[in-house]
Amino acid sequence: MSVTNASIIRGSSKRSPFFPKGRQVDPLALDEVRDLLADLPRRRDLLIEHLHLIQDRYGHLSARHLAALAEEMKLAMTEVYEVATFYAHFDVVMEDETPPPALTIRVCDSLTCEMMGARDLLDGLQKKMGGKVRVVRAPCMGRCETAPVAEVGHYHVTGATVVTVAEAADGGHTHPVNPAYTDFDAYAADGGYELLRDCLAEKRSADDLIELMSESGLRGLGGAGFPAGQKWKIVRGYTAPRLMAVNADEGEPGTFKDRFYMETDPHRFLEGMLVAAWVVEATDVYIYLRDEYPGLREMLLEEIAKVEAAGLNKATAIHLRRGAGAYICGEEAAMIESIEGKRGLPRHRPPYVAEVGVFGRPTLVQNVETLHWIRDIVDRGPEWFSGEGRNGRQGLRSFSVSGRVKEPGVKLAPAGITIKELIDEFCGGMADGHEFKGYLPGGASGGILPASMGDIPLDFGTLEEFGCFIGSAAVVILSNKDSARDAALNLMRFFEDESCGQCTPCRVGCEKAVKLMSEAEWDEKLLNELSQAMTDASICGLGQAAANPLKMVLAHFADDIICK
């Protein structure tokens, strides 16, 4: 039988009715999606924002709504589905699956929270709340100074216990709560936005501001440490139009300084952002905020509206984009992919994002804290910032300190301070009953050092010779009651969960490392080989640095492990 005749027989009414190919759009679901989107643009880069609207309204993403959204945005179903399933905060529910309960409780199981009893908290809540709500483990929520932490809906319970979390759930406390902060009026009354107004009135020059930042020694404080003034100059050198992206996705376990600055003094950051955008002549700036900060998002939307009403963004449009639970999007290229409404997969380099960034345009990428200091540096002079420092280093650093200290929190201290000085002078010493054993100088990927190496200056370039780095200065303090082995395993499990899966060395390497590290006896030779392969062959910093804690435990904490 010919292909043509076979097609005719299959399509004839005598054999079977005709069914259109592919997933069909439910008219009711399409109406619901159109009602949600209202007059919002249907642009491809807004896909994640639109998925959030559906998730917020219905508590999950059903197959019917995904098909309707694909139809409304003129996208292939595969494009919508791959994005929806990439991000942890989207609950995709197919036709044969049961939607999650109306309320979800997330218990942070990252290192500091685990040290403070998160496992027992998770077990206790699953026993007490099981059936009524969904109780799941979750990665770092950026509140390590108040560990352990749980999130009831969008309400964070700090210093959480089974009782306090259950009370929040039973009492309907699911909405985020913001601390007191300096709003637009208070900030403007104290001289805020005068620098930006001077820039817009051309009383300042871009070259002068670049020179001031260079003289101050201000660097990117999200982890890479690239000099801010030099970055501005590089981006300005590329052909317009140019754009800007702000990395507010501090997902590194142990990091919470950006949240602190935005929650308490948001306009200092916003003014610095608009000044930097003015310098590079960015037509648009995209703030990429992690989804774990829902209360902060509400506040920023309100305060940004005030900035716009005052006409202070006339040179640069402001877009607040919402992450969806993906640590990898803290990597600048992955963040840009997410801003464009795609999966957060790191890009190969070159080209670098300064040349080919958001929508293929030259893009200035800056961290929140870097922008926070711009007004102060201009007002006080670059020597104010560069004049700080210890042990031959220059500048100020904001350390996110958690773990076994009496007074955890954000500590503004001189660059180059040692961990022992930081603990004693800024954290009130070790917690009662605990002896200093070791520390993470730069979050999950920065490695682990023993207390015997507690006199190393903490700054960019001072730790690399020891196999560590300071990164975003997320410091976690371990005591004699903690196991470095268990800490490294906790961190590797985090990387296993958060690997984007794009490259084999990271995707398979993290999973294999977790299995090997879960054994009673470690295969040191195999673990070292695996670590080297991940470091050498992974595409981005996640895979390249994931094995740092493992390597440091093998090198410095032999008493905590048994090797074959």
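For the pair Ala555 and Tyr352, a Förster radius of 35 Å applied to the C-beta separation gives a FRET efficiency near 0.60, rounded to the nearest 0.05.
Projecting the Cα atoms of Tyr352, Leu489, Gly311 onto the dipole axis of the chain, where Lys and Arg carry +1 and Asp and Glu carry -1 at the beta carbon, places Tyr352 farthest toward the positive end. Peptides 276-286, 113-123 ordered by packing proxy, namely the average of other Cβ atoms within 10 Å per residue, highest first: 276-286, 113-123.
Placing +1 on the Cβ of every Lys and Arg and -1 on the Cβ of every Asp and Glu, with nothing else charged, gives the range 169-236 a dipole about its Cα centre of roughly 400 debye.
Rolling a 1.4 Å probe across the protein heavy atoms gives the range 114-182 an accessible surface of 48 Å² per residue. Normalising by residue count, the range 23-137 has a Cα convex hull of 119 Å³ per residue. Using R0 = 30 Å, the C-beta based FRET efficiency linking Gln394 and Asp424 works out to 0.85. The aspartates and glutamates whose alpha-carbon is closer than 17 Å to the alpha-carbon of Lys420, local same-chain residues fewer than 8 away aside, are Glu407, Asp432, Glu435, Asp455, Asp459.
Report the equivalent ellipsoid semi-axes for the range 279-337 in whole Å, largest first, defined as the square roots of five times the eigenvalues of the gyration tensor built from alpha carbon atoms. Don't skip to the answer; put the middle values down first.
Values: eigenvalues 102, 55, 7 Å².
Result for the range 279-337: semi-axes of 23, 17, 6 Å.
Think of the range 384-435 as having a plus end and a minus end, set by charges on the Cβ of Lys, Arg, Asp and Glu; of Cys427, Ile417, Gly392, Gly392 sits farthest toward the positive end of this dipole.
Shown for the range 230-359: the carbon plus sulfur share of the solvent-accessible area, taken with all protein chains present and a 1.4 angstrom probe, equals 52%. Potential lengthening of the chain between Asp523 and Lys481 amounts to 12.6 nm, from the contour at 0.36 nm per residue minus the alpha-carbon distance.
With N set to the number of residues, divide the alpha-carbon radius of gyration of the chain by 2.2 N^0.38 Å and report two decimals. Write out the running numbers ahead of the final one.
Numbers: Rg = 25.0 Å, N = 564, 2.2 N^0.38 = 24.4 Å.
Scaled against compact globular proteins, the figure is 1.02.
Think of the chain as having a plus end and a minus end, set by charges on the Cβ of Lys, Arg, Asp and Glu; of Ile234, Thr283, Ser338, Ser338 sits farthest toward the positive end of this dipole. Projecting label points 7 angstrom from Cα along Cα→Cβ for Leu412 and Asp207 puts them 3.2 nm apart. Sorting 138-151, 319-332, 429-442 by their mean Cβ neighbour count within 10 Å, with the most densely packed peptide first, gives 138-151, 319-332, 429-442.
Inter-label distance, Asp56 to Thr78: 3.1 nm, where each label sits 7 Å from its Cα along the C-beta direction.
Listed by chain and number, the lysines whose C-alpha is less than 22 Å from the C-alpha of Lys21, apart from same-chain residues fewer than 8 away, are Lys74. Within the same chain, aspartates and glutamates fewer than 8 places from Lys231 are excluded, and of the rest, those with a Cα less than 13 Å from its Cα are Asp207, Glu211, Glu355.
Computed over the Cα atoms of the range 118-229, what is the convex hull's projected area averaged over all directions, in nm²?
Details: hull surface 43.5 nm².
One quarter of the hull surface, i.e. the mean projection, equals 10.9 nm².
Between Leu40 and Asp183, the FRET efficiency from the beta-carbon distance, with R0 = 35 Å, is close to 0.80. Of the Cα atoms belonging to the range 484-526, the radius of gyration and Dmax stand at 10.4, 30 Å. Remark: C-alpha extents of the range 417-519 on the principal axes read 44, 31, 19 Å, sorted largest to smallest.
Placing unit charges on the Cβ atoms only, positive for Lys and Arg and negative for Asp and Glu, gives the chain a dipole magnitude near 1660 debye about its Cα centre.
The values are calculated or read from the model by the stated rules, or taken from the named source; none is laboratory data. Quick caveat: nothing in here was measured; it's all calculated off a predicted structure. A quick note on method: Cβ atoms are made from the backbone with ideal geometry, for glycine too, and the neighbour counts reach across all protein chains shown. For accessibility, only protein heavy atoms count, side chains too; no ligands or nucleic acids. Shrake-Rupley method; radii C 1.70, N 1.55, O 1.52, S 1.80 Å.
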